[in-house]
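Written out below as structure tokens is the structure these notes cover.
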Amino acid sequence: RISGRDGANQIDFYSMPCEVAARFLILYGSQRGQAQSIAEEICQQAAEHGFTADINCLSNQHKYNLDSEIRPVVFVISTTGDGDPPDTAQKFVRKIKNKSLPHNHFSHLHYALLALGDTNYANFCNGGKTIDSRLQQLGAKHFYATGHADDGTGLEVVVDPWIEGLWDALKKTFSSMATSDQQDTDLSDCTQDDFHKNASGQEKYKSDLEVDLHLLKLSETDSQKGKAITSDSIDVETLSTVLVASLKQSVPLLSESALNVPALPASYLEVRLEQVSTEGETVPSDKDGYHEVSISKAVQLTQDDAVKTAISLELDISNLAYQPGDAFDILCPNRASEVEELLLRLDLQTQKNCAVQVNLLKNSTAKIPLHIPQNGSLQFILTWCLEIRSAPKKAFVRALADFTQNSSEKRRLLELCSKEGSADYNSFVRDANVCLLDLLRAFPSCLPPLSLLFEHLPKLQPRAYSAASSSLQHPGKVHFVFNVVEFPARPEHPARTGLCTGWLADHVSSILRPLGTVLASERLGTSAPPKVHVRPRPSGTFHLPADPSVPVVMVGPGTGVAPFIGFLQQREKEREANQEATFGETWLFFGCRHKDKDFLFREELERFAHNGTLSHLIVCFSRDEPDAAGTVNRPTYVQHNLSLHAKNVASILLKDKGSLYVCGDAKNMAKDVNDTLLEIIGNELQIDKLDAMKTVAGLREEKRYLQDIWS
Ligand code: 2AM
């Protein structure tokens, strides 16, 4: 049957023993490289399991043809924005969404899909789900249950067992294809169990809204799968109570066989250091669309005794265009002191200026990671290209164990990356923000080769900051505001600041001034300003409504107020320029800890309220003592004020077709605000929670409930 078909593969591999020629196709849709690296890992592991895998990005449409694809296909799809498929998958999605495709268009296709998402954001895994449900509609068959991995709790919790179960599912697929005509059999039933047996991860839906969107957006079978996975998963909490020790200290509980975890992927890089000059290197910039710009101002917005230090920056961006609501990517280097320590620890300090040459080991089908430049100096690569602060993935921990001399250290590393040691890995590595250097400090007999770092450390990613200005008000400039992130000392590592915010704070220290003062050099314009590499990152949706008469409600406690400062500056200028126009009501719900310590942008916000740009400025203080009047139950958080103004908020959203914007912390604030919104809508419309959820989901669909949130 199959050999008669044309397509990418002319060989009748299904009738061969699967060890010989079992070939499948991996397609990934990646936004920031995670789906790609997982796809590449599957590709590498395939060989170990006797398969041959071809791998392509979904955007390379000329390199694959699903219309005649007879190989099983494994999709790895991430999610971006408001639950959208990644940019690299957009064309593909448009293609399969074509309404003229017949319902059996993909009836020949057997596939498995791994969806990546983050339950801190709305529309969990929706990128993968969109593709999955459309493929189902067009008749494609699952040969393995879809996995939904959550970056909020650690992708590997689902990804690792999902990949582990994939090999058996593929074997069954190949053998059933070879032995009988399975054209009309959905293979997912016989392999779902395999996944459930392996799944130590839970598919968690953190908020009710997620559950609701899940119910609304998914087919029934998908939501049933979600439940099945949850109930079958290993009880991580029970494990943690018996296993908890410390990062370093092993609990001799696991049997030797439990520790028998193979190192995957096998090493594939060979790194050579050449004593040649590598002078003249700067940051990896122009080719990726970055621009080096000056930081013209840096102002500390908070008092010295505030809980957090907030800093605002002004950058000279001359002709780079942006709209309020857009963000900018900022390139930041790893800390010089950490790079030095790493070089010292790896015994490479004297070679830091050597040029690095990276080659693939013989017979390897892997690829040299694109983010490692050829001939860059070692110091440059460790400073600008690799995320040395990232928590080492389990595969990395496993590989490190192979280069650890001391037997109890080695055992502990093996425990941490074993399936049974999952809870320990989560609490001592992932949740503790442990990085490679911390592990090397804790395990002194571990001495990995450089090639291992290059294989496992991810690309150093730029950090995105929302613009806190409008170019109408500040031509040629953009402002950002951020809190200097502080990680307190833990047994696993010393106190430290966040990579980018800590670097920026140090970088601008020579021009940093307290609020309300002018720095001498600013008046005289003498000292050279610090510079930074930025790249505009336009937001698809987080913008003011085009029609200024549409009312808006903005919710942004803390530095979440940033984009709204941009919105309001824009509106202030538009009002000045067009006094005849009608402007809708404009509400801002802001919150901070202390009125006198961290009321960010206080003067500017009061000016907006005074001149009518803001019709309502509603501020709460979470840690101030009650006022002299001793008001009981005063609002402490933005959502309390939302409740107090429930009638107005409901009427803006439900009657006046207004928009609600939420910016700031995803983990707590955005969820609580969402819950409050459900209550407000439920009460106003006298409907139950599920119907309120549907209404809120509708607001999201209409892009009238927009979030710019981070965790
Ligand atoms: P807290 O630190 O006193 O708890 C800006 O960060 C403001 O957001 C602070 O006043 C902070 O209060 C508050 N905040 C903390 N958790 C919040 C939540 N779940 N919802 C709304 N605001 C919150």
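Would you mind putting 388-394, 406-412, 126-132, 61-67 in packing order, based on average other-beta-carbon counts within 10 Å, highest first?
The peptides rank, most packed first, as 126-132, 388-394, 406-412, 61-67.
Enumerate the calculated ³J(HN,Hα) couplings along region 587-598 in order (Karplus 6.51 cos²θ - 1.76 cosθ + 1.60, θ = phi - 60°), each rounded to whole Hz, writing x wherever the residue is Gly or Pro.
Running phi through 6.51 cos²θ - 1.76 cosθ + 1.60 with θ = phi - 60° gives 10, 10, 9, 10, x, 8, 7, 10, 4, 9, 10, 9 Hz.
Roughly what would the spin-label model give for LYS667 and ASN633, points 7 Å off Cα along C-beta, in nm?
Once both label points are built, they end up 2.9 nm from each other.
Between ARG623 and PHE487, what is the FRET efficiency for a Förster distance of 22 Å, r being their Cβ-Cβ separation, to the nearest 0.05? Kindly include the intermediate steps, with their values, before the conclusion.
Working: r = 21 Å, r/R0 = 0.97.
For ARG623 and PHE487, the calculated efficiency is 0.55.
Pairs to check: LYS129/LYS477; LYS97/LYS394; LYS393/LYS667; LYS352/LYS477. Give those whose C-alpha atoms are more than 28 Å from each other in this structure.
Pairs exceeding 28 Å: LYS129/LYS477; LYS97/LYS394; LYS352/LYS477.
Need one word for region 27-141: rounded, prolate or oblate. Basis is the Cα gyration tensor (sqrt eigenvalues a ≥ b ≥ c); a/c below 1.5 gives rounded, then a/b vs b/c decides. Display every interim value, and only then the final one.
Numbers: a/c = 1.67, a/b = 1.01, b/c = 1.66.
Oblate, because a/c is 1.5 or more while a/b does not exceed b/c.
If we count other beta carbons within 10 Å of each Cβ, what is the order of LEU588, LEU678, fewest first?
LEU678, LEU588
Among MET693, MET669, which comes first, then next, by fewest other beta-carbon atoms within 10 Å?
MET669, MET693
Would you work out which of GLY584, HIS507, VAL553 lies farthest towards the positive end of the dipole of region 490-648? Charges go on Cβ: Lys and Arg +1, Asp and Glu -1.
Positive-most Cα among the choices belongs to HIS507.
Subtracting the Cα-Cα distance from 0.36 nm times the residue separation, let me have the gained length for SER711 to THR517 in nm, one decimal.
Roughly 66.6 nm would be gained on extension.
Using the beta-carbon distance between ALA581 and ASP675 and R0 = 41 Å, what value does 1/(1 + (r/R0)^6) give for FRET efficiency, to the nearest 0.05?
My answer for the efficiency is 0.70.
For the pair ALA495 and PHE403, what calculated FRET efficiency results from E = 1/(1 + (r/R0)^6), where r is the Cβ-Cβ distance and R0 = 22 Å, to the nearest 0.05?
Efficiency at R0 = 22 Å is approximately 0.15.
Given the Cα-Cα distance of GLU274 and SER445 and 0.36 nm per residue of separation, how much length would full extension add, in nm?
Computed gain between GLU274 and SER445 is 58.9 nm.
We did not get these values from a lab; they are worked out from the coordinates using the rules stated. Note that the coordinates shown come from a computational prediction; the quantities given were computed from them, not determined experimentally. Glycine gets a Cβ as well: all are built from the backbone with ideal geometry, and neighbour counts include every protein chain shown.
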